[in-house]
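J.: Handing you this structure, nothing more for now.
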Amino acid sequence: MWRMRERWQEGISKTNLKKVVPFFRGFTVRAGNVRNTQPEVDGTPYCLNEHCRAPHPYIILKKTTSLIFVSMETLLEQQRRYHEEGDRLTDAMGKEMIHPSKTQREQINSDHRLKQLLDRSMECATELKDLYEDKDGLRKEEVQALSGPNEFAEFYSRLKNLKEFHRTHPNEISVPMSTEFEELDKAREKPSDDMQTLIDFTDEEGYGKYLDLHEFHNMFINLKGMDKIDYISYLSTFDQLFDIPKDRKNAAYKEYVLSMLEYLQLYTQKVKPLLDLHEEMETVHKDFDEQWKDGNFPGWPVRTSLHVIQC
């Protein structure tokens, strides 16, 4: 259930991780649609806190070749934690939005921090939705165990498991969630040198101020039939694709245009991480279809458009 945010333990592949539910009475493991109430434990309990920021202990269970992570948390505790995390994320996003950004670099870094908080908030909401839907009935079983006729036996059973775990791991440290958000506040107010460069830009891009089109300029002047213009002239005409004659738009030209499109999309994601690029592209495609249908698309008159469609 936890998202690994830092280093993976050596030898553990992310593709081998399975989503699991916590346990107290014996073991309850969910791996896809498979549930085992008493899987075999291969090895002793092991804590991953030294490898990630997860503040709760984990046990590695081995079933065939898959590694399964189990957290010692009840489903109700998971719901409480996700609610707390969601509230803290909302508060952090509000602080980020009202924090003044004096330079282009600060604004880009702020947008990326905000994007990370927003994505994490959406993940919390998705996890909460799944827990409340309770399609496997585990939450209902847990509530019944706590409110049924044997609630005291259930309480002491869980207490015994907790004591046993802490007896086995006397030096285990649980880091409160508030610590992480305090570090976020510090990174926002007084960013370190590393935190001031969150995104990789080339020197020519000036951390989001300019486009670096040198590679595409070289591709353009090497296309068959194109004028050998200098870089400054290219910058003023590179987006006027409708001025290029149709007979020069061959396979190499298509590769050139697609490469530039990929670069511009990646650059936009770096400079404007909060922009819904998918929605923007859908709008562009819709406008293109309408203009193409009416024969008004620049550089493609009605006859040419009809000819291309018929071909």
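The values are calculated or read from the model by the stated rules, or taken from the named source; none is laboratory data. Note that the structure is a prediction, hence the values are computed from the model and not measured. Cβ atoms come from the backbone with ideal geometry, glycine included; neighbour counts cover every protein chain shown. The accessibility values were calculated without ligands, DNA or RNA, using every heavy atom of the protein model including side chains. Shrake-Rupley method; radii C 1.70, N 1.55, O 1.52, S 1.80 Å.
J.: Inside region 208-224, can you point out the residues that are under 17 Å from Ala251 (Cβ atoms), in a loop (DSSP other than H, G, I, E, B) and open to solvent by 40 Å² or more (accessible area, probe 1.4 Å)?
T.: Selection gives Asn222, Lys224.
J.: Quickly run through region 99-149 and pick out the residues that are hydroxyl-bearing (Ser, Thr, Tyr) and in contact with a helix residue (DSSP H, G or I) (Cβ under 7 Å, 6 or more places away or on another chain).
T.: If the condition is that a residue be hydroxyl-bearing (Ser, Thr, Tyr) and in contact with a helix residue (DSSP H, G or I) (Cβ under 7 Å, 6 or more places away or on another chain), then Ser101, Ser110, Ser121 are the ones that fit.
J.: Restricting attention to region 243-293, report how many residues are over 25 Å from Glu215 (Cβ atoms), of a type in the set (S, T, N, Q) and more than 34 Å from the chain's Cα centre (by Cα).
T.: Matching residues across region 243-293 total 1.
J.: May I pose another question? Would you be able to tell me the number of residues in region 220-251 that are among the β-branched types (Val, Ile, Thr) and touching a residue at least 40 places away in the same chain (Cβ under 8 Å)?
T.: Number satisfying all stated conditions: 1.
J.: If you don't mind, another one. With the structure loaded, tell me whether Asp239 is at pLDDT below 95, over 36 Å from the mean Cα position of the chain (by Cα) and of a type in the set (Asp, Glu) or whether it fails that test.
T.: So Asp239 fails the test.
J.: A further question follows. Looking at (1) open to solvent by 50 Å² or more (accessible area, probe 1.4 Å); (2) of a type outside the set (Gly, Ala, Ser); (3) part of a loop (DSSP other than H, G, I, E, B), which is the one condition that is false for Glu282?
T.: (3)
J.: In region 174-205, which residue that is among the small types (Gly, Ala, Ser) and farther than 17 Å from His112 by Cβ is most open to solvent (accessible area, probe 1.4 Å)?
T.: Ser174
J.: Could you list, in sequence order, all residues of region 225-241 that are assigned to a helix (DSSP H, G or I) and closer than 15 Å to Met260 by Cβ?
T.: Tyr231, Tyr234, Leu235, Thr237, Leu241
J.: Also, I was wondering about something else. Consider Ile108 against the criteria (1) within 27 Å of the chain's Cα centre (by Cα); (2) over 18 Å from Glu77 (Cβ atoms); (3) surrounded by fewer than 17 Cβ atoms within 10 Å (Cβ to Cβ): it satisfies all of them except one. Which criterion is unmet?
T.: (3)
J.: Sticking with this one: Taking the conditions exactly as written (closer than 30 Å to Met93 by Cα, out of contact with any Leu (no Cβ under 7 Å at 6 or more places or on another chain) and open to solvent by 60 Å² or more (accessible area, probe 1.4 Å)), does Leu261 satisfy them or not?
T.: no
J.: Give the number of residues within region 134-179 that are part of a helix (DSSP H, G or I) and closer than 17 Å to Thr74 by Cβ.
T.: 27
J.: Right, something else. Consider Lys272 against the criteria (1) open to solvent by 60 Å² or more (accessible area, probe 1.4 Å); (2) without any contact (Cβ under 8 Å) to a residue 60 or more places away in the chain: it satisfies all of them except one. Which criterion is unmet?
T.: The number of the failed condition is (2).
J.: Exactly one condition in (1) polar (S, T, N, Q); (2) surrounded by 11 or more Cβ atoms within 10 Å (Cβ to Cβ); (3) free of Cβ contacts under 8 Å to residues at least 60 places away in the same chain is false for Asn171; which is it?
T.: (2)
J.: If you take the residues of region 291-311 that are farther than 13 Å from Phe242 by Cβ and exposed (fewer than 11 other Cβ atoms within 10 Å of the Cβ), which of them is modelled with the highest pLDDT?
T.: Here the answer is Asp294.
J.: Is one or more of the residues making up region 185-202 closer than 30 Å to Arg248 by Cβ, part of a loop (DSSP other than H, G, I, E, B) and not aromatic (Phe, Trp, Tyr)?
T.: So far as region 185-202 goes, yes, one or more of its residues are closer than 30 Å to Arg248 by Cβ, part of a loop (DSSP other than H, G, I, E, B) and not aromatic (Phe, Trp, Tyr).
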